[in-house]
Amino acid sequence: MVNDDTRKDILMQINLKGKVALVTGASRGLGRAIALALGKAGATVAVTDILLEGDDIDRGQLQDYSPLAGHFAGTDAVKTRATAQEIIAEGGRSIAVRMDVTDAESVNEAIKTVNQSWGSIDILINNAVVMDNFGKLEGQDPKKWDRDVNVNLSGAFRCTKAAWPTMWSGMRGEGS
Ligand SMILES: NC(=O)c1ccc[n+]([C@@H]2O[C@H](COP(=O)([O-])OP(=O)(O)OC[C@H]3O[C@@H](n4cnc5c(N)ncnc54)[C@H](O)[C@@H]3O)[C@@H](O)[C@H]2O)c1
């Protein structure tokens, strides 16, 4: 079992100072925890999500492709900006950016914002997910299947494709 002290020690040993990380689906849950951990390890963190605090969002529309996002929109459970603020309050660098991984334009815009702020992305965490549709094959709704693939699989593809050019130039020492 890894206790809190051990976890803190491990994070202190991982030094990500100078690295820029982008986490998708970081308004809550594991994405938020990963963003905070990256911040603690010294990384500059872009906290991204389809939901931001105080959204005046059409819940009905969100229900179509993420009932959970629709459920949480506009509630205290959304902590995208708060997560960035927590990282900054601990002495780190962070921004909160809206990004819908199903929308290539939204992905490109968010990644452009991060690149313009910090030059490049070194670490990409494809965490955004819809996870409300578990069931046996015979009960599967093809529409929900397509939606899940669009967020959980194609979403990771879109983000990786958009982030890759600067990740690659950073790896080759060509980043600014
Ligand atoms: N929770 C578990 O038991 C578990 C187990 C194994 C793996 N995982 C993995 O961990 C990750 C996160 O799981 P979680 O339990 O924290 O999920 P969660 O449902 O609590 O959080 C998902 C996040 O993704 C965001 N999101 C949904 N649709 C989006 C979209 N189109 N664009 C951008 N953001 C969007 C939501 O707003 C939310 O912040 C997933 O990749 C999941 O597969 C979770």
Quiz item: Residue check: is Thr75 part of a helix (DSSP H, G or I) and either free of Cβ contacts under 8 Å to residues at least 40 places away in the same chain or within 20 Å of Ile34 (Cβ to Cβ) (or both)?
Solution: no
Exercise. State whether one or more residues within region 131-140 are outside any helix (DSSP H, G or I), exposed (fewer than 13 other Cβ atoms within 10 Å of the Cβ), away from the ligand (no atom under 16 Å from the Cβ) and at pLDDT 95 or above.
Key: no
Exercise. Search region 156-171 for residues being polar (S, T, N, Q) and under 20 Å from Val97 (Cα atoms), and hand back the single one that is surrounded by the most Cβ atoms within 10 Å (Cβ to Cβ).
Key: Thr166
Exercise. Taking the options Asn108, Asn127, Asn150, name whichever one is within 12 Å of the ligand (Cβ to nearest atom), part of a helix (DSSP H, G or I) and in contact with a helix residue (DSSP H, G or I) (Cβ under 9 Å, 6 or more places away or on another chain).
Key: Asn150
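The values are calculated or read from the model by the stated rules, or taken from the named source; none is laboratory data. Being a predicted model, the structure only gives us computed values, none of them experimental. Because the Cβ atoms are built from the backbone with ideal geometry, glycine has one as well, and the counts that use them run over all protein chains shown.
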